[in-house]
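Contents: one structure, followed by commentary.
The values are calculated or read from the model by the stated rules, or taken from the named source; none is laboratory data. As the structure is a prediction and not an experimental result, all values here were calculated from the model. All Cβ positions, glycine included, derive from the backbone under ideal geometry; neighbour counts span all protein chains shown. Keep in mind that these areas ignore ligands, DNA and RNA; they rest on the heavy atoms of the full protein, side chains included. Shrake-Rupley method; radii C 1.70, N 1.55, O 1.52, S 1.80 Å.
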Amino acid sequence: MSAAPDDLFDRIQAAASAVRGKTKIVPQVGLILGSGLGAYADKLSGADTIDYGDIPGFPRSHVVGHAGKLVLGERHGVRCVAMQGRVHMYEGHSAQTVSFPARVLITLGAKVIIVTNAAGGLNPQWSPGTLMLIRDHIDMLRDHALRGPNDERLGPRFPDMTKAYAPELRKLVKDVAAAENIHLEEGVYVAMPGPTYETPAEVQMLQRLGADATGMSTVPEVVVARHMGARTIGISCITNQAAGISGHELSHAEVTETATRVRATFERLLDAILAGLLARGELA
Ligand code: HPA
């Protein structure tokens with residue numbers, strides 16, 4: 001037996017133990033809440049809330065607003081662990097650091113990870129406020145969550161990504177959205193490094209590559225979820241048309257305004273997904 005290639009496994013265990021020391025809730029679903037959606041965590045009942053600062057190894061966001069909290073509680077009979085606030089690679093973190101919390105959620109028990117984000121729409125037909133179920137992704141980030149030694153206790157060296165976004169769960173999301181009368185598109189998410197928004201030329205390139213939405217997050221978390229054998233659901237809120245499509249300049253204010261405008265619908269969709277996961281026995 002060779003020694004562990006690095007201490008990632010131990011750091012994940014230490015973070016998970018710290019969380020277990022503060023809550024009795026063993027989560028079934030992990031929620032990674034993107035820009036403008038963090039408030040969903042406040043809906044969890046019987047919740048225990050833990051500051052990221054009290055979890056060893058958890059990266060802290062330097063972006064204005066919440067420093068970040070982990071909220072564990074129940075929603076529609078499903079035990080959830082929600083990340084209120086996440087860090088991005090453009091803040092200076094490696095892909096391994098950005099994806100560390102997702103590994104902890106899975107270690108705590110989450111079998112399904114639901115990742116949400118704000119994204120720019122590449123499909124010119126989609127107006128801001130459209131919700132998009134992620135069918136697949138393209139990774140244009142300049143670091144990879146699995147770069148470095150592989151620890152077989154976490155997962156294989158070369159994980160398969162054919163079904164990165166579980167087909168049966170995508171069907172479930174489409175079914176519950178239709179039942180709830182929520183308009184939902186489906187498409188390919190491309191992760192770009194940021195923090196600049198894309199140039200119009202880059203937007204044309206991404207369109208030709210087959211992407212429908214562009215953002216600066218999500219891929220590292222989905223990669224580690226696949227590495228560890230958890231299933232993922234990804235949903236983007238198209239907060240703006242990507243650069244050059246509408247002609248007007250992009251701003252973070254537009255992104256947060258749109259995310260806030262569709263928050264109620266997005267939350268209704270998350271509720272329906274949780275209820276659907278339970279009803280279809282996907283958490284058994
Ligand atoms: N590009 C990249 N990331 C984003 C965008 C965008 O247009 N909107 C929200 N996040």
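What's the total number of residues in the range 152-193 that are within 24 Å of W126 (Cα to Cα), away from the ligand (no atom under 16 Å from the Cβ) and among the charged types (D, E, K, R)?
Adding up the residues that qualify gives 6.
Spot the failing condition for V203; the list is (1) within 14 Å of the ligand (Cβ to nearest atom); (2) more than 30 Å from G148 (Cα to Cα); (3) touching a strand residue (DSSP E or B) at 6+ places or on another chain (Cβ under 6 Å), and only one is missed.
(3)
What number of residues in the range 32-64 are away from the ligand (no atom under 16 Å from the Cβ), surrounded by 20 or more Cβ atoms within 10 Å (Cβ to Cβ) and assigned to a helix (DSSP H, G or I)?
Of the residues in that region, 3 qualify.
Taking the stated definitions as given, is R261 away from the ligand (no atom under 16 Å from the Cβ) and either open to solvent by 50 Å² or more (accessible area, probe 1.4 Å) or in contact with a Phe, Trp or Tyr (Cβ under 6 Å, 6 or more places away or on another chain) (or both)?
no
Can you give me the number of residues within the range 163-183 that are in contact (Cβ under 8 Å) with a residue 60 or more places away in the chain and open to solvent by 40 Å² or more (accessible area, probe 1.4 Å)?
Final tally of qualifying residues: 5.
Please work out which residue is most open to solvent (accessible area, probe 1.4 Å), limiting yourself to the range 87-106 and to residues that are free of Cβ contacts under 8 Å to residues at least 40 places away in the same chain and assigned to a loop (DSSP other than H, G, I, E, B).
G92
Name the pairs whose Cβ atoms lie under 9 Å apart, with the first residue in the range 114-126 and closer than 30 Å to V29 by Cα, the second of a type in the set (K, R) and in a strand (DSSP E or B), and 6 or more positions between them or separate chains?
Sorted first by the residue in the range 114-126, then by its partner, the list stays empty.
Assuming I134 fulfils every condition listed in (1) closer than 20 Å to T239 by Cβ; (2) out of contact with any Lys or Arg (no Cβ under 9 Å at 6 or more places or on another chain); (3) open to solvent by less than 10 Å² (accessible area, probe 1.4 Å); (4) of a type outside the set (G, A, S) apart from one, which condition is it?
Evaluating I134 over (1) closer than 20 Å to T239 by Cβ; (2) out of contact with any Lys or Arg (no Cβ under 9 Å at 6 or more places or on another chain); (3) open to solvent by less than 10 Å² (accessible area, probe 1.4 Å); (4) of a type outside the set (G, A, S) leaves (2) as the failure.
Within the range 216-257, track down each residue that is near the ligand (Cβ under 9 Å from one of its atoms) and of a type in the set (S, T, N, Q).
Answer for the range 216-257, where residues must be near the ligand (Cβ under 9 Å from one of its atoms) and of a type in the set (S, T, N, Q): S217, S236, T239, N240, Q241.
So, of the residues in the range 184-219 that are open to solvent by 10 Å² or more (accessible area, probe 1.4 Å) and part of a helix (DSSP H, G or I), which turns out to be farthest from R268 (Cα to Cα)?
Filtering the range 184-219 for residues that are open to solvent by 10 Å² or more (accessible area, probe 1.4 Å) and part of a helix (DSSP H, G or I), the one farthest from R268 (Cα to Cα) comes out as A201.
Looking at the range 11-31, which of its residues are buried (at least 21 other Cβ atoms within 10 Å of the Cβ) and not β-branched (V, I, T)?
Once the filter is applied, which keeps residues that are buried (at least 21 other Cβ atoms within 10 Å of the Cβ) and not β-branched (V, I, T), the range 11-31 yields A15, P27, Q28, G30, L31.
Six or more apart or on different chains, Cβ under 9 Å: which pairs go from a residue in the range 245-257 that's without any contact (Cβ under 8 Å) to a residue 40 or more places away in the chain and under 16 Å from G34 (Cβ atoms) to one that's within 11 Å of the ligand (Cβ to nearest atom) and outside any loop (DSSP other than H, G, I, E, B)? Could you list them?
That search, which allows pairs on different chains as well, returns E257/T239.
If a residue has to be closer than 30 Å to T107 by Cβ and either crowded, with 23+ Cβ neighbours inside 10 Å or in contact with a strand residue (DSSP E or B) (Cβ under 8 Å, 6 or more places away or on another chain) (or both) to count, how many in the range 228-247 make the cut?
8
Mind telling me which of the residues T232, T256, T239, T260 ends up being more than 19 Å from R170 (Cα to Cα) and in a strand (DSSP E or B)?
On inspection, the qualifying residue turns out to be T239.
Away from the ligand (no atom under 14 Å from the Cβ) and of a type outside the set (S, T, Y), is that true of G121?
Judged against the criteria, G121 is not a match.
Determine whether G109 is open to solvent by 20 Å² or more (accessible area, probe 1.4 Å), among the small types (G, A, S) and away from the ligand (no atom under 16 Å from the Cβ).
no
Scan (1) surrounded by fewer than 21 Cβ atoms within 10 Å (Cβ to Cβ); (2) more than 10 Å from the ligand (Cβ to nearest atom); (3) not in a loop (DSSP other than H, G, I, E, B) for the single condition E282 breaks and write down its number.
(3)
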